[in-house]
Amino acid sequence: ELLERNLVELIILGNRDEILAVADEAGVVISEEAKTHVKIIDPNACDPELFDQLAKGFYDLRKHKGVDLEKAKELVKDDPNTFGAMMMKLGLADGMVSGACHSTAATMR
């Protein structure tokens, strides 16, 4: 209902085919109207410009802790929590819900 009333724009992180298959299995139906407000981004296959922006942002935040740019790229690519947190930090998302597939400790890191 929130999507259909244009109250949110939803970003789902993960493999598009897997996400749609899980939604279908769960009986989740997204109306055509609502689909205009849903974006699925696969951290492993996203726009290179977005990826570089997130990795550079993470590097800038953590370089004082010894994280180099290659490590930042690895973390942004391999950890959806890091990817989502960087989207929020850079103003590309307003909030994040996590924890269903990741432990509370991993979500809070």
Please identify the GluC sites (Glu not before Pro) of segment 4-34 that satisfy two criteria: DSSP loop assignment and at most 10 other Cβ atoms within 10 Å. Which are they?
-> none
Of the candidate values [x] 13, 41, 33, 10, 2; [y] 14, 28, 24, 19, 13, 3, 0; [z] 12, 33, 22, 14, 9, 6, 4, 0, the one computed for P(r) over Cα pairs in 10 Å bins from 0, in percent from this structure is [x]
Helix-only [θ] at 222 nm, the chain, -39500 (n - 2.57) per DSSP H run of 4+, per residue, nearest 500, equals -14000 deg cm²/dmol
With Cα atoms, 0 to 90° folded angle of helix 80-89 axis to the chain main axis | 80
Note the angle between two axes, namely the Cα long axis of helix 16-25 and the longest principal axis of the Cα atoms of the chain, as a number of degrees from 0 to 90, rounded to the nearest 10.
-> 40
When Lys and Arg each count +1 and Asp and Glu each count -1, what net charge do the other residues less than 13 Å away from Val38, Cβ to Cβ, add up to?
-> -1
Principal-axis tilt of helix 69-78 within the chain, Cα atoms, nearest 10 degrees = 20
Over the chain, give the accessible area per residue in Å² for a 1.4 Å probe, as an integer.
-> 72
Spatially near lysine pairs across segment 1-82, Cα under 24 Å, sequence gap of 8 or more or different chains = 12
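The values are calculated or read from the model by the stated rules, or taken from the named source; none is laboratory data. Keep in mind that what you see is a predicted model, and the values were worked out from it rather than measured. For neighbour counting, all protein chains shown are included, and Cβ atoms are generated from backbone atoms with ideal geometry for every residue, glycine included. We work out accessible area using only protein heavy atoms, side chains counted, and drop any ligands, DNA or RNA first. Shrake-Rupley method; radii C 1.70, N 1.55, O 1.52, S 1.80 Å.
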